[in-house]
């Protein structure tokens with residue numbers, strides 16, 4: 001009996017166990033498809049979210065690119081508009097008060113396209129680059145004009161040139177002339193019926209006659225000697241500081257003086273000045289080795305009573321054996 005009972009319990013327990021196993025198996029078989037469906041649904045949702053995110057990013061990129069393109073177009077249009085606007089004064093501007101695109105330059109600054117900046121400060125009612133009217137100049141007290149030069153005003157100039165090989169004193173000395181050395185160191189010949197404007201005022205040193213000048217003089221209207229041809233005569237004085245002093249009287253008119261002089265192994269200095277004052281004019285003739293001659297031209301204007309003062313001096317000698325300055329003639333016209 002007990003064995004039967006125990007056997008029955010065993011059988012019952014085994015059946016219960018089998019039933020539990022079947023229930024678990026059935027339950028496991030039913031849970032697998034549910035878990036698979038849940039995972040598939042989650043993956044689909046994730047892909048949809050990613051697609052929406054990608055589309056949003058693409059729209060933002062398009063918006064940024066569109067804004068950049070639009071900004072470039074705006075800048076390009078503004079640039080083309082500023083370059084293509086009509087310049088003022090070319091007949092294409094609007095009314096006289098309009099300001100065109102070509103006048104967008106800041107007023108008062110220099111132009112940067114090669115034009116001169118003439119705009120000046122901007123003023124209402126003016127076309128671009130149109131200057132405002134200048135104010136009337138303020139009258140100022142100016143210095144009085146210098147009075148016209150008087151016909152008796154003083155003038156003086158000195159120039160030096162080569163002495164001609166032959167000088168006609170009658171031709172160049174229309175008013176007066178004077179020659180030295182025809183008959184020795186103290187001999188002079190003057191123009192017959194001349195004006196007497198030339199005066200020999202002496203000079204330092206002893207005068208010595210000389211008949212070997214390379215340039216010759218002639219005349220046909222002399223006083224003490226009526227005429228001469230090919231005269232090589234003259235006078236000289238030796239040593240530094242010695243020379244000749246001459247004067248020519250003024251007449252109120254322009255005068256020209258020709259002085260014919262030379263040096264031998266010396267430096268001669270001609271000084272011309274006016275008795276009325278003012279700066280002196282000088283000229284130098286030098287030859288340290290041999291003789292040299294020159295024609296000095298002095299132009300002056302002096303009133304009557306005034307004098308042109310001439311000094312021809314040996315400034316320096318280059319030999320102890322009578323380095324000197326010489327004098328042949330003077331003529332006035």
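All of 222, 250, 241 fail the test of being surrounded by fewer than 23 Cβ atoms within 10 Å (Cβ to Cβ) and over 24 Å from residue 186 (Cβ atoms), apart from 250. Can residue 228 be described as within 12 Å of residue 179 (Cα to Cα) and at pLDDT below 95? Taking the combined requirement at face value, the residue satisfies it.
Applying the criterion of being loosely packed, with under 15 Cβ neighbours inside 10 Å and over 30 Å from residue 254 (Cβ atoms) to the residues of segment 185-214, the residue that is nearest to the chain's Cα centre (by Cα) is 214.
Scanning segment 229-248 for any residue that is touching a strand residue (DSSP E or B) at 6+ places or on another chain (Cβ under 8 Å), part of a loop (DSSP other than H, G, I, E, B) and more than 27 Å from residue 321 (Cα to Cα) turns up nothing.
Annotation: residue 225 fulfils all but one of (1) farther than 25 Å from residue 308 by Cβ; (2) within 58 Å of the chain's Cα centre (by Cα); the unmet one is (2).
The values are calculated or read from the model by the stated rules, or taken from the named source; none is laboratory data. Just so it is clear, the structure is predicted and the values come from calculations on it, not from any experiment. Please note: Cβ atoms are built from the backbone with ideal geometry, for glycine as well, and neighbour counts cover all protein chains shown.
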